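Enquirer: Before anything else, here's the structure in question.
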Amino acid sequence: MLILVLGKGKTGSLVAEVARERGHGVRALDITENQRASALTAPNLAGVDVVIDFTAPEAAVENMRAVLALGGRIVVGTTGWYAHLEEMRSKAQKGGALLYGTNFSIGVQKLFRLTAELARLEGYTFSIGETHHVSKLDAPSGTAITLRQIVEAAQPGAKVEITSHRVGDAKGEHTVTAAGPDDVLELRHNILSRRGLALGAVRAAEWLANKSGAYDFREIFDQL
Ligand SMILES: NC(=O)c1ccc[n+]([C@@H]2O[C@H](COP(=O)([O-])OP(=O)(O)OC[C@H]3O[C@@H](n4cnc5c(N)ncnc54)[C@H](O)[C@@H]3O)[C@@H](O)[C@H]2O)c1
């Protein structure tokens, strides 16, 4: 497979490395080579099976518009662009394919499932904590927002507070707490290496290679 990775930052560079290790051809572009999606033309995308985006919120929206308009397939790991989610999903229904996820770690997908189970508890107050590196652009994290949606789906009307911390090079920690009058339950996931995220994104690209339409990683991760 030929994969085009957008973003050569902390995550994109690891995605390119993992994709090469898995035997794929890889091209990678950073902001200077793809200002306002300028590199995403039909000739440049010819032969590319899947584009993987780990850039920044605005850039990801421009990249999705360009790739989907050409009928291409794109995996989006970038977070913070979800105000445009419906627009992007509907573009993907008309041509090409889109797979997006707030977190490509299989461990975090398990945390989502466990949170849905925890959130069925009655009589508890739920809260979420997240810690990331200081250069992360969005707060709360996309993963924390997903966790809140999961709790709120099980506890209609509940107010779930999210506390965000930005510390050094922290790779990503999320905690879901259920506090009751007699005890406290806590689910915690801490990323030790970004490799797990990169591997999840490459496996998602392999899965998307023969699909069309729009998919949330949460719905498909156990098919990988
Ligand atoms: N979904 C997940 O599992 C997951 C995991 C890690 C990071 N993220 C998200 O991915 C995004 C990137 O994170 P990071 O830590 O790698 O950031 P980073 O700042 O280290 O890297 C981003 C890179 O994208 C480049 N870039 C910006 N605009 C571009 C464009 N138009 N074309 C090509 N490259 C462009 C920047 O120059 C930079 O090198 C963030 O939104 C982050 O929240 C998601």
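The values are calculated or read from the model by the stated rules, or taken from the named source; none is laboratory data. Computed from a predicted model, the values in this text were never measured in an experiment. Quick reminder, even Gly has a Cβ in these numbers, built from the backbone with ideal geometry, and neighbours come from all protein chains shown. To get the accessible areas, we keep the full protein, side chains included, count just its heavy atoms, and leave off ligands, DNA and RNA. Shrake-Rupley method; radii C 1.70, N 1.55, O 1.52, S 1.80 Å.
Enquirer: Could you put Arg27, Arg36 in order of accessible surface area, largest first, with the 1.4 Å probe and the full protein assembly present?
Expert: From most exposed to least exposed: Arg36, Arg27.
Enquirer: Around Gly172, which amide H atoms from residues at least 5 apart in sequence, or from another chain, sit under 5 Å from its own amide H, with H modelled in the peptide plane?
Expert: When sequence neighbours closer than 5 places are left aside, the close amide H contacts are Ile191.
Enquirer: Right, next: Please give the helix 106-118 orientation as an angle from the longest Cα principal axis of the chain, in degrees from 0 to 90, rounded to the nearest 10.
Expert: The answer is roughly 30 degrees.
Enquirer: Using a probe of 1.4 angstrom, how much of the accessible area of the chain is carbon and sulfur, in percent? Please report the intermediate quantities before stating the final value.
Expert: On the way: 5330 of 10520 Å².
Looking at the chain in its full context, I get 51 percent from C and S.
Enquirer: What is the total of Lys pairs in the chain with C-alpha atoms under 29 Å apart, excluding same-chain pairs fewer than 8 positions apart?
Expert: Within the chain, the lysine pair count is 20.
Enquirer: Any chance you could give the angle, 0 to 90 degrees and rounded to 10, that helix 57-69 forms with the longest Cα principal axis of the chain?
Expert: 50 degrees
Enquirer: Calculate for the chain the 222 nm mean residue ellipticity that helices alone would give, adding -39,500 (n - 2.57) per DSSP H run of length 4 or more and normalising by residue count, nearest 500 deg cm²/dmol.
Expert: Taking each H run of at least 4 residues, the total per residue is -11000 deg cm²/dmol.
Enquirer: Report the per residue volume, in Å³, of the convex hull enclosing the C-alpha atoms of the range 24-116. Show your work: numbers first, answer last.
Expert: Numbers: hull volume 10.4 nm³, N = 93.
Output value, Cα hull per residue: 111 Å³.
Enquirer: How large is ³J(HN,Hα), in whole Hz, for each residue of the range 181-192 in order, when computed from phi with the Karplus curve 6.51 cos²θ - 1.76 cosθ + 1.60 and θ = phi - 60°, using x for Gly and Pro?
Expert: For the range 181-192, the Karplus curve yields x, 10, 7, 10, 10, 9, 10, 10, 10, 10, 7, 8 Hz.
Enquirer: So how do 125-136, 51-62 stack up, highest first, on mean other-Cβ count within 10 Å? List each step's numbers first, then the result.
Expert: On the way: 125-136: 18.0, 51-62: 22.3.
So the order, starting with the most tightly packed, is 51-62, 125-136.
Enquirer: As I understand it, the value is the acute angle between the Cα axis of helix 195-208 and the longest principal axis of the Cα atoms of the chain; what does it come to in degrees, rounded to 10?
Expert: Relative to the chain, helix 195-208 is tipped by roughly 60 degrees.
Enquirer: Please compute the net charge surrounding Val75, taking Lys and Arg as +1 and Asp and Glu as -1 over other residues with Cβ under 13 Å from its Cβ.
Expert: Details: positive: Arg73, Arg203, Lys211; negative: Asp49, Asp53, Glu206, Asp216.
Once all neighbours under 13 Å are counted, the net charge is -1.
Enquirer: For the range 94-146, take every pair of Cα atoms, bin their distances at 5 Å starting from 0, and report each bin as a whole percent.
Expert: In order of increasing distance, the bins hold 4, 14, 21, 21, 16, 12, 7, 3, 1, 0 percent.
Enquirer: Taking just the alpha-carbon atoms of the chain, what radius of gyration and Dmax come out, in angstrom?
Expert: Taking only Cα atoms of the chain, I get Rg and Dmax of 17.9, 63 Å.
Enquirer: Which far-off residues, 5 or more places away or on another chain, put their amide H under 5 Å from the one on Val51, with H placed in the peptide plane?
Expert: Leu4, Arg73, Ile74, Val75
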